[in-house]
1. Any idea how many residues of the stretch 5-54 are assigned to a helix (DSSP H, G or I) and modelled with pLDDT of 85 or more?
2. Consider only pairs whose beta carbons are under 6 Å apart and that are at least six residues apart or on different chains; among these, list those whose first residue lies in the stretch 53-69 and is farther than 24 Å from ASP28 by Cβ and whose second residue is modelled with pLDDT of 80 or more and of a type in the set (A, V, I, L, M, F, W, C).
3. Could you figure out which of (1) of a type in the set (Val, Ile, Thr); (2) more than 25 Å from VAL139 (Cβ to Cβ); (3) free of Cβ contacts under 8 Å to residues at least 40 places away in the same chain isn't true of ILE108?
4. I'd like the full set of residues that are without any contact (Cβ under 8 Å) to a residue 40 or more places away in the chain and either surrounded by fewer than 11 Cβ atoms within 10 Å (Cβ to Cβ) or over 15 Å from PHE67 (Cα atoms) (or both), limited to the stretch 39-52.
5. For residues in the stretch 142-180 being assigned to a helix (DSSP H, G or I) and within 24 Å of SER125 (Cβ to Cβ), which is modelled with the highest pLDDT?
6. When you scan the stretch 89-101, do you find a residue that is among the aromatic types (Phe, Trp, Tyr), within 17 Å of GLU34 (Cα to Cα) and either in contact (Cβ under 8 Å) with a residue 24 or more places away in the chain or crowded, with 17+ Cβ neighbours inside 10 Å (or both), even just one?
7. Among what's in the stretch 76-121 and is over 13 Å from the mean Cα position of the chain (by Cα) and of a type in the set (Asp, Glu), pick the residue that is farthest from VAL29 (Cα to Cα).
8. Could you list, in sequence order, the residues of the stretch 123-154 that are touching a Gly at 6+ places or on another chain (Cβ under 6 Å), under 27 Å from ARG103 (Cβ atoms) and not aromatic (Phe, Trp, Tyr)?
Amino acid sequence: MKTEDRSSAHQYSHALLQLTELQGNEEDVYKNLEVVSKVFQEQPEFKVLFRHPAISAPDKKKFIEEFAGHMDPLTGRLLQMLCERRKLHLLPLIVEEFKQLLRSKHNIVTGKLISAEPMTEEQVSNIKRKLIRQLTKHVELTVEIDKSLLGGYILRMGDQVIDGSLKGRLQSIEKALLSV
């Protein structure tokens with residue numbers, strides 16, 4: 001993605017957050033953006049529709065107006081504005097940036113917990129509780145299974161990786177033995 005696109009998405013998402021704070025509809029806009037993002041991800045023809053040169057700008061605008069009519073007015077206006085400015089391709093970036101801004105505002109960090117075996121709710125809750133205590137922030141974890149880990153788990157939060165997997169330990173031992 002171009003730096004210019006990232007910069008534009010950043011500006012749109014900051015403006016959107018400020019408007020939601022003024023109007024008090026942050027949650028509605030967030031839910032609407034989630035739906036729109038999901039539709040665009042699961043229906044790739046939407047991307048084609050908005051980039052296709054044979055489809056006129058008024059037709060694209062009409063479609064967006066109908067689509068936006070089922071949403072919070074602020075979300076609808078954002079979609080219309082992006083369509084008018086031929087910036088709909090920025091929508092996934094705007095949604096992701098908006099999510100990050102909301103998480104930051106509400107003191108939430110996200111992470112990925114990758115384990116060799118399925119983990120129980122209690123195990124995940126214990127890990128979350130320890131992270132909350134250590135970080136003094138709310139924690140959202142997504143859990144994935146990776147059989148190649150052999151045992152244990154890997155926790156990824158931002159730039160940090162905690163490798164408590166058996167595979168990771170074996171690799172550490174291998175490096176230590178090879179360096180002797």
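The values are calculated or read from the model by the stated rules, or taken from the named source; none is laboratory data. Here the structure is a predicted model, which means the values were calculated and not measured. Please note: Cβ atoms are built from the backbone with ideal geometry, for glycine as well, and neighbour counts cover all protein chains shown.
1. Total satisfying the criteria: 28.
2. LYS60/CYS83
3. Against the list (1) of a type in the set (Val, Ile, Thr); (2) more than 25 Å from VAL139 (Cβ to Cβ); (3) free of Cβ contacts under 8 Å to residues at least 40 places away in the same chain, ILE108 comes up short only on (2).
4. Selection gives GLU42, PRO44, GLU45, VAL48, ARG51, HIS52.
5. Going through the qualifying residues, I end up with LYS147.
6. yes
7. GLU117
8. Scanning the stretch 123-154 gives a single hit, LEU141.
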